[in-house]
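Heads up, the thing below is written out as structure tokens.
The values are calculated or read from the model by the stated rules, or taken from the named source; none is laboratory data. Small disclaimer: the values here were computed from a predicted structure and weren't measured. In this analysis, Cβ positions are derived from the backbone assuming ideal geometry, glycine residues included, and neighbour counts consider all displayed protein chains. Quick note on the areas: whole protein, heavy atoms, side chains included, nothing else; ligands and nucleic acids left out. Shrake-Rupley method; radii C 1.70, N 1.55, O 1.52, S 1.80 Å.
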Amino acid sequence: MPYTIKKKLFLKKRLLQISLLSLTLLGISCEKLIEINPPTTSINGDNVYTNDQTAAAVLTGIYTNISATGITNSDLSAMGFITGLSGDELTLYSGSTDLRLKSYYQNNLRNITSSTEFWTKVYKILYTANLSIEGLNNSTSLTSEVKRQLLGEAKFIRAFCFFYLVNLYGEIPITTSTNYITNNMLARSPINQIWSQIIMDLEEAKELLSSTYLDGAIKHETSERIRPTKWAATALLARCYLYTKNWENAEKQATEVISKSDLYKLDSLDKSFLMNNSEAIWQLQPVNIGSNTEDAKTYIIPSTGPSFLTPVYISSQLINSFEANDQRKKVWINTVSASGTLYYYSYKYKIGKLDEPLSEYNTILRLGEQYLIRAEARAQQDNLSGSKDDLNIIRKRAGLEKSNVTEKNLLLTAIFHERQVELFTEWGHRWMDLKRTNMVDEIMNQVTPKKGGNWNSNWKLYPIPSYDIVSNSNLYQNPGY
């Protein structure tokens, strides 16, 4: 039966309590990238992994930690916001005095080399995932089904972290253990090795994870789509194969998800970001008491206009990319007029006020992306008919006419355009699409000067925190910093 609002609020508070327990267990000192001091708590001890509940709480703590942070910080949950500023999706309010956000916006990150950015924060999550994998592998007392699911979740999270690190920074150290002595001196690995590690983790996770959604105790099926499943691993695999130009496997993995029609289907535009909607493959449950998503709190501009708390709005480049009659512009973007200026803002998540009933979850993986992955993979294999079928499924939902493009390059251009207007402000898709399709220099040479900066091709990679480079002689900075 569907959860009542009362049950949802109770579940929300309960998740926070469990996660606080897990975060207490994870109270480690890891100020630097992979220069992590010897653990000072008992997380490596047998006591954590002798009990199904405490073992599950470690992974729950990771999801809670991601969900709890605001999207203007450089945590994983900020991926869409920060890269939206770096790229051509968001405009920073001219009255903003936040020099850090201005640096991302103007593609001038030479002073952003501190340990507060994505690099350090994502490596902290990686460290926790590695702790979990080691503890779970060494445990002999967990319920076998629980152990299997949690191992799958830990490997999935590790792959998820590496995916974003390699896309933001290029060559990165591959850390798969908790040996702090070894980790402190790891060198950056070649790109192909990083992708091999990501894909290996996801293939293993796919075999380990449940094909149904499980509750927090990893004991029972649930309607909550907040723990990774086999299908989440499959969806992320499809994306990774696309990024590595393995078109056949990208199509295969996307097809597996799309074919799971008893669980996934495209929902109407106004339902695509609701909690547990039929399009959602993996979501994060809000954990900050009284709040729905952090996205809504940050993107929705009040009647008074942009401010310190709501410092961005949709760029003219993105607004002008929508075709006439595209319903996504109507449903997923809203406007406010303040001081004579009309501002467009992202409205995928619509509940920004506090103490509203819980109805929206942060969607990380969804079916719409899988259709676009398969469309691109099919086009690259010269299956233009199949590619157009997938593209037109997305266009139909948006209220647009079918694409009748018959030439491969034009079809790929149409798919990239569709990704721009379908996936905007979601988890860095646009920024990474610009880079993987080699369009970043062309687009950013036009956009960056409008933002008050000067584009340099080096800026497509973010800088590594300088402290880590000083501490580890095997690390080196990205060019231009």
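Suppose we filter segment 324-353 for residues that are assigned to a loop (DSSP other than H, G, I, E, B) and over 24 Å from the mean Cα position of the chain (by Cα); how many remain?
So the answer is 5.
What are the pairs with Cβ atoms under 7 angstrom where one residue, in segment 218-232, is touching a residue at least 24 places away in the same chain (Cβ under 8 Å) and the other, located anywhere, is open to solvent by less than 20 Å² (accessible area, probe 1.4 Å) and acidic (D, E)? Sequence gap at least six, or different chains.
R227/E153; P228/E153
Restricting the search to segment 420-465, which residues are aliphatic (A, V, I, L, M) and more than 15 Å from T83 (Cβ to Cβ)?
Passing the criteria: V421, I464.
From the list A250, A254, exactly one residue is more than 14 Å from L367 (Cβ to Cβ) and touching a residue at least 24 places away in the same chain (Cβ under 8 Å). Which is it?
A250
Tell me, please, whether a residue that is within 24 Å of S259 (Cβ to Cβ), among the charged types (D, E, K, R) and assigned to a helix (DSSP H, G or I) can be found in segment 434-450. Spell out how you get there, then give the answer.
Going through segment 434-450, the residues within 24 Å of S259 (Cβ to Cβ) turn out to be none.
Within segment 434-450, not a single residue is within 24 Å of S259 (Cβ to Cβ), among the charged types (D, E, K, R) and assigned to a helix (DSSP H, G or I).
Select from segment 251-276 the residues that are touching a strand residue (DSSP E or B) at 6+ places or on another chain (Cβ under 8 Å) and farther than 30 Å from Q380 by Cβ and write down the one among them that is surrounded by the most Cβ atoms within 10 Å (Cβ to Cβ).
So, considering only residues that are touching a strand residue (DSSP E or B) at 6+ places or on another chain (Cβ under 8 Å) and farther than 30 Å from Q380 by Cβ, the one surrounded by the most Cβ atoms within 10 Å (Cβ to Cβ) is M275.
Tell me the residue from S321, S316, S291 that is of a type outside the set (D, E, K, R) and open to solvent by less than 20 Å² (accessible area, probe 1.4 Å), please.
Only one candidate passes the filter, namely S291.
So how many residues does segment 437-481 have that are touching a Gly at 6+ places or on another chain (Cβ under 9 Å), among the hydrophobic types (A, V, I, L, M, F, W, C) and within 16 Å of I112 (Cβ to Cβ)?
Residues meeting the conditions: 2.
Of all residues in segment 360-408 being of a type in the set (S, T, Y) and in a loop (DSSP other than H, G, I, E, B), which is surrounded by the fewest Cβ atoms within 10 Å (Cβ to Cβ)?
Among those that are of a type in the set (S, T, Y) and in a loop (DSSP other than H, G, I, E, B), it is T406.
Within segment 205-246, how many residues turn out to be aromatic (F, W, Y) and surrounded by 24 or more Cβ atoms within 10 Å (Cβ to Cβ)?
Total satisfying the criteria: 1.
Scanning for something open to solvent by 40 Å² or more (accessible area, probe 1.4 Å), within 19 Å of M79 (Cβ to Cβ) and part of a helix (DSSP H, G or I), does segment 296-306 turn up at least one residue?
Yes, some residue in segment 296-306 is open to solvent by 40 Å² or more (accessible area, probe 1.4 Å), within 19 Å of M79 (Cβ to Cβ) and part of a helix (DSSP H, G or I).
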